[in-house]
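Some notes on the structure that comes next.
The values are calculated or read from the model by the stated rules, or taken from the named source; none is laboratory data. Quick caveat, the model's predicted, so the values are computed rather than measured. Methodologically, a virtual Cβ is constructed for each residue, glycine included, from the backbone with ideal geometry; neighbour enumeration extends over all protein chains shown. With ligands, DNA and RNA removed, areas are computed over all heavy atoms of the protein, side chains included. Shrake-Rupley method; radii C 1.70, N 1.55, O 1.52, S 1.80 Å.
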Amino acid sequence: MRKSIILVFMALVLVCSCSEKEKTTAANIDQGKISVEGEKNITPAKPVNQDQAAPKEKKSINPMKEIESLTRIIKEQPKSALAYNNRGSAYHGLKQHELAIEDYNKAIGLKKDYADAYNNRGAAYYSLGKHQQAIEDFNKAINLKINFAAAFANRGLTYLNQGNKDLGCPDAKKACELGVCRVYKDAQGKQICP
């Protein structure tokens with residue numbers, strides 16, 4: 001029972017992201033499928049303290065129009081790793097995980113040190129049940145961006161859902177120390193983590 005509750009929670013918490021610099025660059029591209037405490041999927045390069053985050057007004061977004069818009073941008077700027085990452089996030093939000101992974105692969109191919117794309121691809125792999133590949137991508141994201149709260153939260157939750165408290169709890173705690181506390185507090189509330 002506890003594992004199924006965690007799995008349901010996992011579906012709600014996986015975090016997709018891009019850097020603050022890219023968020024500014026993409027101001028005209030309206031993202032937002034997978035959210036963390038009211039934040040759009042493309043924001044948490046600087047993690048928000050989840051305990052103090054004020055809910056933000058959510059915009060109604062037509063996912064297909066978003067994908068069409070991003071596809072036009074990709075045609076105009078075929079070397080835009082950001083556009084591929086964002087379109088991957090849009091596909092992920094529509095549960096089209098294979099298409100999302102294709103776009104994350106293209107983003108990573110264009111920008112080898114793109115921590116956010118690795119984190120996002122890890123979330124897509126997780127959604128497909130490919131947990132080992134997800135963990136590898138979360139590891140790469142963390143290696144590229146040492147204080148990447150979303151990647152720590154995602155990796156911790158993946159480990160916890162595999163029943164590995166020894167690795168999952170420290171990751172969840174580290175994510176909380178960096179400002180993303182939902183995983184750790186949920187695990188504490190379920191008496192999974194100390």
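Got at least one residue in the stretch 186-193 being touching a Phe, Trp or Tyr at 6+ places or on another chain (Cβ under 6 Å), part of a helix (DSSP H, G or I) and either polar (S, T, N, Q) or surrounded by fewer than 16 Cβ atoms within 10 Å (Cβ to Cβ) (or both)? No, the stretch 186-193 has no match at all.
Taking the stretch 173-185 as the range and being in a helix (DSSP H, G or I) and open to solvent by less than 60 Å² (accessible area, probe 1.4 Å) as the test, the residues that pass are Ala175, Cys176, Arg182, Val183, Tyr184.
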